[in-house]
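A.B. asks: Sharing a structure below in structure tokens format, with a few things to ask.
The values are calculated or read from the model by the stated rules, or taken from the named source; none is laboratory data. Just so it is clear, the model here is predicted, and its values are computed rather than measured. Glycine gets a Cβ as well: all are built from the backbone with ideal geometry, and neighbour counts include every protein chain shown. These area figures cover heavy atoms from the full protein model, side chains too; ligands, DNA and RNA do not enter into them. Shrake-Rupley method; radii C 1.70, N 1.55, O 1.52, S 1.80 Å.
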Amino acid sequence: MNPLFAMAAKSALSMIGEGAFLRGTVACKVNIEYGVQLAGIDENMVVDKDIAHIEAVHSPKVGDTLAHPDGNFILDALLEDKGAFKRVIVLKV
């Protein structure tokens, strides 16, 4: 991965992200988008999901816990791996 992209992702998350703890001990900045519409297999299927942006260096994995100022979440599914950060569907617990 290009170091410039990694720096840009870290910079963006430092501005728009909020302090959170991944797996209870890994301090990180996380941005959560609420009510993102995702299209399914069928063109008529649309679901609303909450999406977290987490730096890839923290190795977020499905099943990890996330303690965020908006509440506690579980990482449910990897939506997108952008190299510098990952977009993960989260479920509030």
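A.B. asks: In deg cm²/dmol, rounded to 500, what helix-only [θ] at 222 nm does the chain give when every DSSP H run of at least 4 residues adds -39500 (n - 2.57) and the total is split over its residues?
C.D. replies: Estimated from H runs of four or more residues: -5000 deg cm²/dmol.
A.B. asks: Could you identify which residue out of D48, D64, D81 has the top mean-square fluctuation in a GNM of the chain using Cα springs shorter than 10 Å?
C.D. replies: Sorting by GNM fluctuation, first place goes to D48.
A.B. asks: Let me ask you something else. Top to bottom by accessible area (1.4 Å), largest first, where do I51, I41, I89 land?
C.D. replies: I41, I89, I51
A.B. asks: Here is a follow-up. Find the percent of Cα-Cα distances in the chain that exceed 16 Å, and round it to a whole number.
C.D. replies: On the way: 2243 of 4278 pairs.
Summing the P(r) tail past 16 Å for the chain gives 52 percent.
A.B. asks: Ignoring ligands, DNA and RNA, please state the percent of accessible area on the chain from carbon and sulfur, probe 1.4 Å. Don't skip to the answer; put the middle values down first.
C.D. replies: Working: 3270 of 5650 Å².
Ligands and nucleic acids excluded, carbon and sulfur give 58 percent.
A.B. asks: Determine the relative contact order of the chain: mean sequence separation of Cα pairs under 8 Å and six or more apart, normalised by residue count, in whole percent.
C.D. replies: On the way: 194 pairs, mean separation 24.2, N = 93.
Once divided by the residue count of the chain, the mean separation gives 26 percent.
A.B. asks: To continue, here is another question. For V62, what accessible surface area do you get with a 1.4 Å probe? Give it in Å², rounded to 10.
C.D. replies: The accessible area of V62 comes to roughly 100 Å².
A.B. asks: I'd like the GluC sites (Glu not before Pro) in the range 10-93 restricted to DSSP loop residues with at most 15 other Cβ atoms within 10 Å, sorted by number.
C.D. replies: E43
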